[in-house]
1. Could you tell me the calculated FRET efficiency between Ala4 and Gln38, based on Cβ-Cβ distance and R0 = 22 angstrom, to the nearest 0.05?
2. Rank by packing, highest mean first: peptides 107-114, 21-28, with packing defined as the count of other Cβ atoms within 10 Å averaged across residues.
3. For His150 and Arg21, what is the calculated FRET efficiency with R₀ set at 30 Å and r taken between the beta-carbons, to the nearest 0.05?
4. Spelling out what I want: for every residue of the range 119-135, take phi, set θ = phi - 60°, compute 6.51 cos²θ - 1.76 cosθ + 1.60 (Karplus), and round to whole Hz; glycine and proline get x.
5. Give me a comma-separated list of calculated 3J(HN,Hα) values for the range 9-25, in order, Karplus coefficients 6.51, -1.76, 1.60 applied at θ = phi - 60°, integers in Hz, x for any Gly or Pro.
Amino acid sequence: MDEAEADFTRFVRERGAGLLRFATALTGDRYRAEDLLQAVLERAYSRWSKISHRGDPEWYVRRSIVNAAKDGWRGDHRRNAVIARLGTEDEGVYLPFDEYVTRDAVRRALRGLSPGQRTVVVLRYWEGLSEAETAALMGVSVGTVKSQAHRAMKALRTSLELVEEPLAGHAGRRS
């Protein structure tokens, strides 16, 4: 095993799970995320010595994941189910009922976001990137990130408020 191959193997071993979670959040589907990550890593492997010597290889791979996900979304306009299976990796795991209901509500709310809005939410609020870092990773302006984040959070608030209303109406009732 040469040095570049060993470095690549170490990178995937150390960062692979986090990259898969990231890809799953972007695509909304664990299986699509695995395919997307596999394709990105295959391309990165053939150029690993260049990628690793340029600077931050994780940044390069994350940017490649975002770009590959965007390419997939362009084709998804023919299909409505962008996040049809988000969270199915939790099947068979015990969750308290309230936590399960909350996760389900959030997943349904995320389904209503455009792919760009969902990407901004994942990068800004899940990955904790700054607006500038998010813009650089997505290849858009900081203004686009701000407007997408604003619209996404407004849509999420509205969607989650609608979920809460039926529950609030039953809070005072006794059976």
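Every number here is computed from the coordinates shown, using simple stated rules; none is lab data. In this text the structure is predicted, and so the values were computed from the model without any measurement. Neighbour counts run over all protein chains shown; Cβ positions are idealised from the backbone, glycine included.
1. On the way: r = 19 Å, r/R0 = 0.86.
For R0 = 22 Å, the calculated efficiency reads 0.70.
2. 21-28, 107-114
3. Details: r = 25 Å, r/R0 = 0.84.
Once the sixth-power term is evaluated, E becomes 0.75.
4. 4, 4, 4, 4, 5, 6, 9, 9, 7, x, 7, 6, 4, 5, 5, 4, 4
5. With coefficients 6.51, -1.76 and 1.60, one gets 4, 5, 4, 5, 4, 7, 10, x, 5, x, 5, 5, 4, 4, 5, 5, 5 Hz.
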